[in-house]
Amino acid sequence: MELVVFSLNYSSWSVRAWLALDHAGVPFQVRHIGGFVEEGWREKLLAISGAARVPVLLDGGLTLHESLAICEYVAERHPEAALWPQGARARARARAVSCEMMSGFHRVRQEMPMSLRGRAKGFAPSEQAQGELARIFQLWEEALDRSGGPFLFGAFGVADCMYMPVLSRLRTYGVGAPTGLQSYIDAMWGQPSVARWATLAQGEPAIPMYDGVLG
């Protein structure tokens, strides 16, 4: 099994799929394509997937793009990893929360590009981005209230994979979260797959066009 990614420091969508695979204990290789900096990167990606987007999972004859679809595939292939909660209602809520991350929060992504090891100077989110962050915090609080934690739906799962890049952005841009979420934030940074990702990301090559937005 092989996961095609841009960068585990900058590519939030790549990170989401990587976390699901690592947490499930799936043996897989990572293939890097230097998006926007490597010569011929788009052609290389098109040769793998017509969507020309990362991540892409290659598993035998299967070529699968989209982070959430990859997470779903891993969850089905490895039910022992419990990437979705057991109850039907909890699973439905976890999928809804994950889909909202996929389709929304555009201002947060636009104003706060991910760079795990980066640190922005003097950043202040716009009113629109603040509104999106407030919605994210609301989603987290509601999920944790229902599940009791330590993760959004009890055990670490797909929903946490989907929102981990938001936690990275909060750290990079110095944006605080409500104090009631600190236990969740601490649990996420201490989660073994997250810790392994953070170590790998530190060694990823720098991309100046991304680092330049940090100020």
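Throughout, read-outs are computed from the coordinates displayed, never taken from laboratory work. Since the structure is predicted, the reported quantities are computational estimates derived from the model, not experimental observations. Here the Cβ positions follow ideal geometry from the backbone for every residue, glycine too, while neighbour counts run over all protein chains shown.
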Practice problem: Could you calculate the FRET efficiency of residue 77 with residue 138 from 1/(1 + (r/R0)^6), where r is the beta carbon distance between them and R0 is 35 Å, rounded to 0.05? | Solution: 0.60
Practice problem: Using only alpha carbon pairs under 8 Å that are at least six residues apart, calculate the relative contact order of the chain and give it in whole percent. | Solution: 25
Self-check item: Potential lengthening between residue 123 and residue 185 on full extension [0.36 nm per residue; Cα-Cα distance subtracted]
Solution: 20.3 nm
Quiz prompt | Choice from 177, 47, 82 with maximal GNM fluctuation in the chain (Cα, 10 Å cutoff) | solution = 47
Quiz item: Full extension from residue 89 to residue 52: what is 0.36 nm times the residue separation minus their Cα-Cα distance, to one decimal in nm?
Solution: 9.9 nm
Exercise. Find how much the distance from residue 206 to residue 38 grows on full extension, using 0.36 nm per residue of separation minus their present alpha carbon separation; answer in nm with one decimal.
Key: 59.3 nm
Self-check item: Spin-label model distance (nm) - residue 195 vs residue 2, 7 Å beyond Cα toward Cβ
Solution: 3.1
